[in-house]
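Remarks on the structure that follows.
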Amino acid sequence: MKKNKVNIHISGIAMVMLPAILVLMAMLGWGFGLFTGIEEEPYINREENLIVVGVSQLGSESGWRTANTESVQKALTKQNGYFLIFNNARQKQENQIKAIRSFISQRVDYIVLAPVVESGWETVLQEAKEAGIPVIVMDRSVDVSDQSLYTTHVGSDSVEEGKKAGYWLEEHLARKGLSNQEINIVVLKGTEGASAQIGRTVGFSMIAGQHDNWNILEQEYGDFTIYKGKEVMENFLQKYDDIDVVISQNDDMTFGAIEAIKESGRTVGVGGDITIISFDAVHDALEMVAEGTINVDIECNPDQGKYISDVIQLLESGQEVEKRYYVEEDVYTMQNVTEEVLNERIY
Ligand code: GYE
């Protein structure tokens with residue numbers, strides 16, 4: 001008898017608590033998704049006849065990345081005939097691999113992959129190939145021995161971007177009559193293993209290697225973030241008091257590096273102690289180019305959504321696509337960052 005009563009009492013409490021428990025569980029579940037990068041699989045209504053595209057974005061580390069994500073989301077809308085499944089991998093390759101596997105199990109029509117690093121994709125791309133799903137690599141590239149593992153690549157030529165930085169420095173030193181002086185350079189590199197980082201490093205080194213008087217004091221990874229850029233620059237400034245040039249492989253690291261340099265009491269940019277060479281050319285950085293804080297910004301165009309959509313349309317109509325599509329890119333200095341350029345800048 002007594003036992004029964006206790007049971008009834010417990011289940012009574014449970015009944016009262018149930019809504020609260022459910023809310024808590026839902027919140028925990030949401031938190032789990034937030035921290036692991038694993039999101040719930042959406043319901044795809046096949047009758048709507050939309051082209052289903054799974055996009056694995058590598059993260060949200062920079063202003064450039066935010067712009068790239070927006071560009072894709074703007075291009076792959078329902079109005080344009082797409083059903084977009086978007087996953088943010090938060091800088092982890094394992095999250096990207098999970099996302100791709102989930103796209104395969106959802107039988108998407110296309111997979112778009114913006115890979116955080118260039119190696120380690122063979123297995124999962126083979127799985128996509130066996131499932132008959134074309135993979136479009138976006139932005140950074142993949143390093144695979146079998147080129148048939150992806151259909152095409154839309155992005156930038158990062159080696160060329162690195163070379164452009166070198167060419168600009170050659171011209172800059174010549175203009176100043178410093179071509180034969182010793183020049184001390186530090187390099188803030190992006191994410192280890194990322195093709196954008198590797199390409200820019202290789203490209204710049206090719207030009208630097210032609211000048212015996214260019215001393216690369218040190219190169220260090222700054223993960224393409226403001227925070228890391230500042231930290232690495234602070235380290236450089238502590239070690240070397242004769243830095244002439246900073247090559248920073250993206251604008252976010254540049255913002256952090258400039259803060260560190262200013263805090264150390266040195267000046268930057270046109271007429272300053274340290275010459276700043278940056279990559280990306282996002283709006284806020286171009287403003288700094290216009291005011292002379294950054295000497296030159298090698299553009300990397302994140303507006304790749306339209307290219308992705310064009311490639312998908314070609315494939316849909318059974319046409320051949322090229323193996324690589326390079327987006328258009330410029331080099332910006334004080335001379336060509338006009339009001340018009342700043343106003344038109346969408347990223
Ligand atoms: O330069 C940087 C971003 O992969 C080209 O990644 C891209 C780079 C870009 O975080 O800002």
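List pairs: first residue in the stretch 142-155 and more than 18 Å from Gln93 (Cα to Cα) and open to solvent by 30 Å² or more (accessible area, probe 1.4 Å), second residue among the hydrophobic types (A, V, I, L, M, F, W, C) and within 16 Å of the ligand (Cβ to nearest atom) anywhere in the structure, Cβ distance under 8 angstrom, at least six positions apart or on different chains.
Hits for this filter: Thr151/Ile136.
State yes or no: is Gln249 in contact with a Leu (Cβ under 8 Å, 6 or more places away or on another chain) and either within 14 Å of the ligand (Cβ to nearest atom) or not aromatic (Phe, Trp, Tyr) (or both)? Quick ask: steps written out before the conclusion?
Values: in contact with a Leu (Cβ under 8 Å, 6 or more places away or on another chain): yes; either within 14 Å of the ligand (Cβ to nearest atom) or not aromatic (Phe, Trp, Tyr) (or both): yes.
The answer is yes for Gln249.
Under 6 Å between Cβ atoms, which residue pairs at least 6 apart in sequence (or on different chains) link something in the stretch 228-254 that is assigned by TED's automatic domain parsing to the domain that holds Gly272 with a partner that is of a type in the set (D, E, K, R) and open to solvent by 20 Å² or more (accessible area, probe 1.4 Å)?
Lys230/Glu259; Val232/Glu220; Gln249/Lys189
Could you give every pair whose Cβ atoms fall below 9 Å, whose first residue belongs to the stretch 103-122 and is over 15 Å from Ser141 (Cβ atoms), and whose second residue is surrounded by 23 or more Cβ atoms within 10 Å (Cβ to Cβ) and polar (S, T, N, Q), counting only separations of at least 6 or pairs across chains?
So the pair list comes out as Phe103/Ser56; Ile111/Ser56.
Go through the stretch 119-129 and report how many residues are within 16 Å of the ligand (Cβ to nearest atom) and among the hydroxyl-bearing types (Ser, Thr, Tyr).
Start the filter on the stretch 119-129 by keeping residues that are within 16 Å of the ligand (Cβ to nearest atom), which leaves 119, 121.
In the following step, the residues that additionally are among the hydroxyl-bearing types (Ser, Thr, Tyr) were identified as 119.
Looking only at that region, the number is 1.
Does Ile308 meet the test of being of a type outside the set (D, E, K, R), within 14 Å of the ligand (Cβ to nearest atom) and in contact (Cβ under 8 Å) with a residue 60 or more places away in the chain? Please lay out each step first, then the result.
Details: of a type outside the set (D, E, K, R): yes; within 14 Å of the ligand (Cβ to nearest atom): no; in contact (Cβ under 8 Å) with a residue 60 or more places away in the chain: yes.
The answer is no for Ile308.
Does Ile185 satisfy being buried (at least 20 other Cβ atoms within 10 Å of the Cβ) and either in a strand (DSSP E or B) or outside the structural domain of Ala260 (by TED's automatic domain parsing) (or both)?
On the way: buried (at least 20 other Cβ atoms within 10 Å of the Cβ): yes; either in a strand (DSSP E or B) or outside the structural domain of Ala260 (by TED's automatic domain parsing) (or both): yes.
The answer is yes for Ile185.
What are the residues in the stretch 130-172 that are within 22 Å of Ile294 (Cβ to Cβ), within 16 Å of the ligand (Cβ to nearest atom) and among the small types (Gly, Ala, Ser), if any?
Correct list: Ser156, Ser158, Gly162, Ala165.
Which residues, counting only those in the stretch 255-295, are touching a residue at least 60 places away in the same chain (Cβ under 8 Å), more than 15 Å from the ligand (Cβ to nearest atom) and assigned to a strand (DSSP E or B)?
Thr275
Among Ser278, Ser264, which is the only one that is open to solvent by 10 Å² or more (accessible area, probe 1.4 Å), in the same structural domain as Phe204 (by TED's automatic domain parsing) and closer than 28 Å to Ser205 by Cβ?
Numbers: Ser278 fails: open to solvent by 10 Å² or more (accessible area, probe 1.4 Å).
Answer to the selection: Ser264.
Anything in the stretch 200-216 that is within 16 Å of the ligand (Cβ to nearest atom) and surrounded by fewer than 24 Cβ atoms within 10 Å (Cβ to Cβ)? List them, or say none.
In the first step, residues of the stretch 200-216 are kept if they are within 16 Å of the ligand (Cβ to nearest atom); the result is 200-204.
Residues satisfying the conditions are Thr201, Val202, Gly203.
The values are calculated or read from the model by the stated rules, or taken from the named source; none is laboratory data. This is a predicted model, so every value here is computed, not measured. As a convention, Cβ positions derive from the backbone with ideal geometry for all residues, glycine included, and neighbour counts pool all protein chains shown. To get the accessible areas, we keep the full protein, side chains included, count just its heavy atoms, and leave off ligands, DNA and RNA. Shrake-Rupley method; radii C 1.70, N 1.55, O 1.52, S 1.80 Å.
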